[in-house]
Amino acid sequence: MDDPVAAALPDAFPDRTVDELVGVGPSWNGSNETVGVDFADGGRAYLKVAIEGDGGRIARERAVLEHVSSRGTVPVPPVLAADQNASVPYLATAPAPGTGLLDAYETADTDRVRESLLRGVGRALAALHEERFGEHGEVIGGGTGAGLDLDPDSWTDVLLATIERTREIGTTDRLATHFDAVIDCVESNRERLDDAPPALLHGDVAKPNAFVVDEGRKAGPERDLPRIGLLDWELAHVGDPARDLVRARDQLCNDFDSEGPPRFGEAVYDGYRERSGGLPDGFTEREPVYRVVRVLGRSGFLDQWATYLDTPIGELEERIDAELEERIAAV
């Protein structure tokens, strides 16, 4: 299909006249494309299409959005339409009911406000993780009122599947050996990992995938803590909540080869503790493994990172290679 977005528009919005398509910023996932859709009547929606024709991620995201919305766990954008079996699988959602976290964070007046936003993300993750499942697995369907349909597996094997997906969507193979090294590390810690509690994980908590709800702030001691919602659930799965938390801290607070100020990372964890009373069970034991896995978010996209950094790519390669070795040694 030469233009999958244009092909999906009539199915997704059969009774509305499209005025303009609007870009939503860069994406490092070449499997899908998302655009803002402005209508002649002044409305706005968002359309995600599977440009390679695989509707699996569309089915997963629709099911999780409807499930989380029905439970009221975390604010999410409403689903307007979806069809995983269309010639171009698509998911249409309304705008998120709030302000993008990235904009709110970058325009914040003080670091105290930024810490408050990060604490809000921690609380949102803790709320999401409160729902436990009988087994780990990949989300393959379900939705409103029906729970989630899972393809069950051990947590180690689900985690390995997420690593393979990262390999598939990676934009460079300069550090392809990193994937094999990380897989070996995960496999060698199977006994440690498989005891993890099964919870619904978002799978990609980053500033562009979160928003600040403009209403509904709580009274009392939490009155200054913003409520955070989440979007872009296509990587959601049922697994260890510690993995979601480690990944969120890294994506929210750290750069390519350096960690941000500790108080920002701790703000994410503090928000989680405020909601749940502590970090996930077994967090200390499994965190080092997840820090190893996180390196692949740099290894597989080294060329993308290089466009934002004034550093030769060969030097970046050496840095991240050394970082992986250090993290594996710490497991």
#### Entry: Residues of segment 145-170 satisfying the condition of being surrounded by 14 or more Cβ atoms within 10 Å (Cβ to Cβ) and out of contact with any strand residue (DSSP E or B) (no Cβ under 8 Å at 6 or more places or on another chain)
Gly147, Ser154, Thr156, Asp157, Leu160, Ile163, Arg165, Thr166, Arg167, Ile169, Gly170
### Query
Here is a list of conditions, (1) modelled with pLDDT under 95; (2) more than 21 Å from Gly229 (Cβ to Cβ), and Tyr90 meets all of them except one; can you say which number that is?
(1)
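Tell me, which residue of segment 295-307 that is buried (at least 20 other Cβ atoms within 10 Å of the Cβ) and in a helix (DSSP H, G or I) is modelled with the lowest pLDDT?
Residue satisfying both the conditions and the ranking: Trp305.
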### Query
Out of all the residues in segment 176-193, which are under 23 Å from the mean Cα position of the chain (by Cα) and either in a loop (DSSP other than H, G, I, E, B) or buried (at least 16 other Cβ atoms within 10 Å of the Cβ) (or both)?
His178, Phe179, Val182, Ile183, Cys185, Val186, Leu193
### Message
I'd like the residue in segment 267-282 that is part of a helix (DSSP H, G or I) and under 19 Å from the mean Cα position of the chain (by Cα) and, out of all such residues, is surrounded by the most Cβ atoms within 10 Å (Cβ to Cβ).
### Response
Tyr272
### Query
Taking Ala104 and the conditions (1) surrounded by 20 or more Cβ atoms within 10 Å (Cβ to Cβ); (2) in the same structural domain as Gly42 (by TED's automatic domain parsing), which numbered condition does it fall short on, given that it satisfies the others?
(2)
### Task
Among the residues of segment 51-89, count how many are over 26 Å from Leu252 (Cα atoms) and either in the same structural domain as Leu230 (by TED's automatic domain parsing) or not in a strand (DSSP E or B) (or both).
14
### Summary
Within segment 131-143, residues surrounded by 14 or more Cβ atoms within 10 Å (Cβ to Cβ) and in a loop (DSSP other than H, G, I, E, B) come out as Glu131, Phe133, His136
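Going by what's in this entry, would Leu279 be described as closer than 23 Å to Glu61 by Cα and touching a residue at least 24 places away in the same chain (Cβ under 8 Å)? Break it down stepwise before answering.
Numbers: closer than 23 Å to Glu61 by Cα: no; touching a residue at least 24 places away in the same chain (Cβ under 8 Å): yes.
So Leu279 fails the test.
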#### Entry: Criterion (crowded, with 20+ Cβ neighbours inside 10 Å and not in a helix (DSSP H, G or I)) met by exactly one of Asp232, Asp310
Asp232
### Among the candidates Asp214, Asp224, Asp173, Asp255, residue that is surrounded by fewer than 19 Cβ atoms within 10 Å (Cβ to Cβ), at pLDDT below 95 and over 27 Å from Gly100 (Cα atoms)
Asp173
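The values are calculated or read from the model by the stated rules, or taken from the named source; none is laboratory data. Values in this document were obtained by computation on a predicted structure and should not be read as measured data. Counting neighbours? That spans all protein chains shown, and the Cβs are built from the backbone with ideal geometry, glycine included.
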